[in-house]
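Take a look at the structure set out below.
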Amino acid sequence: MRYYIETLGCPKNQVDSDKLGGLLEHRGYERAISVEGADLVVANTCAFIEAAREESIDTVLDLAQRRREGARLVVTGCLAERYADELATSLPEVDVVAGFGQEFAAVTPVRVRRSPRSDFDLLNLPRPAAEAPWAYLKIAEGCDRRCGFCAIPSFRGDQRSRTPEAVLEEARSLAAGGVRELVLVAQDLASWGIDRRRRRDGREAAEPLDDATDQPLVGLVEQLAREADRVRLLYLYPSSLTPRLIEAILATGVAYFDLSLQHVARAHLRRMRRWGDSDRFLERIDRIRSLEPTATFRSSFILGYPGETEDDHRALLAFLESAQLDWAGFFPFSPEEGTPAAIAPDQVDPALALERLREASETQDAITARRRDDLVGTRQVLLVDAPGVARSVHECPEIDGIVEVDRRREVGSMFEAEIVASRGVDVVAR
Ligand code: SF4
């Protein structure tokens with residue numbers, strides 16, 4: 001029996017797919033290289049925003065058409081978790097709709113499989129060997145924060161951190177399989193371990209961490225840095241970027257900071273139910289640059305969240321110019337059912353949101369191009385991901401640009417080279 005998994009959405013979903021693949025292989029399935037060759041076709045969906053939901057549905061319909069006769073089609077992931085009943089009734093092509101961690105490998109067709117508790121712990125399942133010399137490592141599931149626009153806690157639940165032992169075991173097994181770069185992911189990465197400590201202490205503190213000095217993630221990063229050549233952290237909530245965590249990240253040699261900012265205007269961030277403001281963000285960025293001038297910064301921003309004024313938008317553009325981030329993603333606000341933002345007054349006209357998004361993207365594109373030009377003439381240690389494609393510490397896999405290298409360089413090798421040219425978001429090494 002062969003399986004095929006199509007993954008949509010974020011890196012966290014990719015890890016879930018890897019783990020589902022590991023489980024299916026443990027059950028005797030083999031991986032198919034195409035939908036057409038599979039007996040079991042799985043769509044691991046995304047429900048983050050409206051556009052992601054549409055893409056997920058389109059993909060399910062496409063897989064339904066392409067699967068061979070008799071192959072079963074399973075829809076899992078965020079869309080299945082959030083809209084299980086609707087999917088089951090509106091997509092007769094689908095054999096099983098399974099929420100997170102719902103067993104489906106050995107079932108006879110069932111319309112909807114969903115229960116408050118998972119049949120198995122997806123986070124701690126083994127996974128097949130990585131195909132690239134880097135891999136996402138998911139260290140927690142769920143989130144204890146309640147940002148005004150985000151529905152994730154409503155269907156992924158509160159944060160559940162994996163034990164350090166489980167994370168280290170997976171890191172070692174990935175490294176043994178040839179992975180040289182670990183990319184740590186979670187909904188709120190810097191709060192890793194806080195929930196475990198809270199459960200141990202029997203405390204019920206709602207606020208995860210902020211300026212606490214004993215941050216569990218610090219020790220984990222130090223341990224993981226001994227297991228792989230590179231450890232990269234994604235999705236850092238800015239208030240949790242403590243001095244000790246900054247030190248620990250810099251000590252790994254990967255001075256890459258993916259800050260989850262979303263906006264910069266103080267009053268607007270409070271409407272979003274988030275921490276911070278432009279000055280605080282710039283202060284943290286400056287502090288990091290004073291310690292490591294070559295540090296790389298990435299962030300993402302929402303345009304058109306309810307109540308966003310022209311002044312708020314101008315503050316964001318001014319911040320982009322001051323911060324000189326290397327990379328940034330911009331997303332139009334999408335009202336998510338069940339979130340405070342969906343019913344907030346002062347909804348912004350979607351056309352205006354798109355106009356603001358275009359303006360912010362244009363501003364940032366010029367900055368990114370300059371930051372890439374600045375790399376020309378520097379020497380970088382490169383990790384070869386695929387023939388002709390490598391990355392330095394300045395590029396995160398799948399999200400940022402790449403470094404073009406000689407195609408004869410062996411995949412998985414690391415070497416130092418000079419950056420000789422830039423081509424938009426990519427650079428060329430000799
Ligand atoms: S921190 Fe991220 S996952 Fe958690 S509620 Fe906010 S946006 Fe959602």
Quiz item: Which condition number does residue 356 fail, the rest of (1) over 16 Å from residue 297 (Cβ atoms); (2) surrounded by fewer than 18 Cβ atoms within 10 Å (Cβ to Cβ); (3) basic (Lys, Arg) being met?
Solution: (2)
Quiz item: What number of residues in the range 168-188 are touching a helix residue (DSSP H, G or I) at 6+ places or on another chain (Cβ under 7 Å), free of Cβ contacts under 8 Å to residues at least 60 places away in the same chain and crowded, with 19+ Cβ neighbours inside 10 Å?
Solution: 2
Quiz item: Which ones in the range 260-293 are in contact with an Asp or Glu (Cβ under 9 Å, 6 or more places away or on another chain), under 23 Å from residue 395 (Cβ atoms) and exposed (fewer than 15 other Cβ atoms within 10 Å of the Cβ)?
Solution: 291
Exercise. Go through the range 246-259 residue by residue and tally those that are touching a residue at least 40 places away in the same chain (Cβ under 8 Å) and either within 18 Å of residue 138 (Cα to Cα) or buried (at least 20 other Cβ atoms within 10 Å of the Cβ) (or both).
Key: 7
Practice problem: Out of the residues in the range 32-85 that are of a type in the set (Asp, Glu) and in contact with a helix residue (DSSP H, G or I) (Cβ under 8 Å, 6 or more places away or on another chain), state the one that is nearest to residue 141 (Cα to Cα). | Solution: 81
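How many of the residues in the range 51-86 are touching a residue at least 40 places away in the same chain (Cβ under 8 Å) and within 25 Å of residue 330 (Cα to Cα)?
Kept after step one, since they are touching a residue at least 40 places away in the same chain (Cβ under 8 Å), are these residues of the range 51-86: 51-52, 55-56, 59, 63, 76-78, 81-82.
Next cut, within 25 Å of residue 330 (Cα to Cα) only: 51-52, 55-56, 59, 77-78, 82.
Total meeting the criteria: 8.
Please indicate, with yes or no, whether at least one residue in the range 147-158 is in the same structural domain as residue 217 (by TED's automatic domain parsing), surrounded by 18 or more Cβ atoms within 10 Å (Cβ to Cβ), within 11 Å of the ligand (Cβ to nearest atom) and aromatic (Phe, Trp, Tyr). Explain how you work it out, then say what you get.
We begin by selecting, within the range 147-158, every residue in the same structural domain as residue 217 (by TED's automatic domain parsing); these are 147-158.
From what's left, surrounded by 18 or more Cβ atoms within 10 Å (Cβ to Cβ): 147-153, 156.
Next cut, within 11 Å of the ligand (Cβ to nearest atom) only: 147-153, 156.
Retained after the next criterion (residues that are aromatic (Phe, Trp, Tyr)): 149.
Yes, there is a match, as at least one residue in the range 147-158 is in the same structural domain as residue 217 (by TED's automatic domain parsing), surrounded by 18 or more Cβ atoms within 10 Å (Cβ to Cβ), within 11 Å of the ligand (Cβ to nearest atom) and aromatic (Phe, Trp, Tyr).
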Practice problem: Find the helices (runs of 4 or more DSSP H) located wholly in the range 242-326 whose residues include 2 or more that are at pLDDT 95 or above and under 13 Å from residue 356 (Cβ atoms), and list them. | Solution: 310-323
Quiz item: Tell me, which residue of the range 168-193 that is in a helix (DSSP H, G or I) and within 13 Å of the ligand (Cβ to nearest atom) is farthest from the chain's Cα centre (by Cα)?
Solution: 191
Quiz item: Of 93, 131, 165, 103, which residue is surrounded by fewer than 16 Cβ atoms within 10 Å (Cβ to Cβ), more than 17 Å from the chain's Cα centre (by Cα), modelled with pLDDT of 95 or more and charged (D, E, K, R)?
Solution: 165
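Residues are listed down the side, and each one gets a yes or a no for (1) assigned by TED's automatic domain parsing to the domain that holds residue 335; (2) in contact (Cβ under 8 Å) with a residue 40 or more places away in the chain:
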| site | (1), (2) |
| --- | --- |
| 345 | yes, no |
| 359 | yes, yes |
| 362 | yes, no |
| 374 | no, no |
| 384 | no, yes |
| 387 | no, no |
| 392 | no, no |
| 399 | no, yes |
| 405 | no, no |
Quiz item: Which one of these does residue 61 not meet: (1) closer than 30 Å to residue 180 by Cα; (2) at pLDDT 75 or above; (3) aliphatic (A, V, I, L, M)?
Solution: (1)
Practice problem: Can you work out which of the residues in the range 137-146 that are outside any loop (DSSP other than H, G, I, E, B) and within 16 Å of the ligand (Cβ to nearest atom) is nearest to residue 83 (Cα to Cα)? | Solution: 141
Quiz item: Which condition breaks for residue 424 when tested against (1) in contact with a Lys or Arg (Cβ under 9 Å, 6 or more places away or on another chain); (2) of a type outside the set (Phe, Trp, Tyr); (3) surrounded by 13 or more Cβ atoms within 10 Å (Cβ to Cβ)?
Solution: (3)
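Within the range 258-285, can you find the residues that are more than 16 Å from the ligand (Cβ to nearest atom) and over 17 Å from residue 311 (Cβ atoms)? Give the steps one after another, and end with the answer.
Just the residues of the range 258-285 that are more than 16 Å from the ligand (Cβ to nearest atom), to begin with: 265-267, 277-280, 282-285.
Result: 280, 282, 283, 284, 285.
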Practice problem: With the checklist (1) of a type in the set (Val, Ile, Thr); (2) more than 16 Å from the ligand (Cβ to nearest atom); (3) at pLDDT 90 or above in hand, flag the one item residue 108 doesn't pass. | Solution: (3)
Quiz item: Which pairs do you get when a residue that is among the polar types (S, T, N, Q), found in the range 270-299, comes within reach of a residue that is within 15 Å of the ligand (Cβ to nearest atom), reach meaning Cβ atoms under 8 angstrom, with the pair 6+ apart or on two chains?
Solution: 299/258; 299/259; 299/260; 299/261; 299/329
Quiz item: Give me the pairs: first residue in the range 410-430 and more than 15 Å from residue 385 (Cα to Cα), second residue among the hydroxyl-bearing types (Ser, Thr, Tyr) and surrounded by fewer than 15 Cβ atoms within 10 Å (Cβ to Cβ), beta-carbon distance under 7 Å, and six or more apart or on different chains, which are they?
Solution: 419/378
Quiz item: How many residues are touching a Gly at 6+ places or on another chain (Cβ under 6 Å) and surrounded by fewer than 18 Cβ atoms within 10 Å (Cβ to Cβ) when one looks only at the range 333-353?
Solution: 2
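The values are calculated or read from the model by the stated rules, or taken from the named source; none is laboratory data. Owing to the predicted nature of the structure, the values given are computational and were not obtained by experimental measurement. Here the Cβ is made from the backbone with ideal geometry for all residues, glycine too, and neighbour counts use every protein chain on show.
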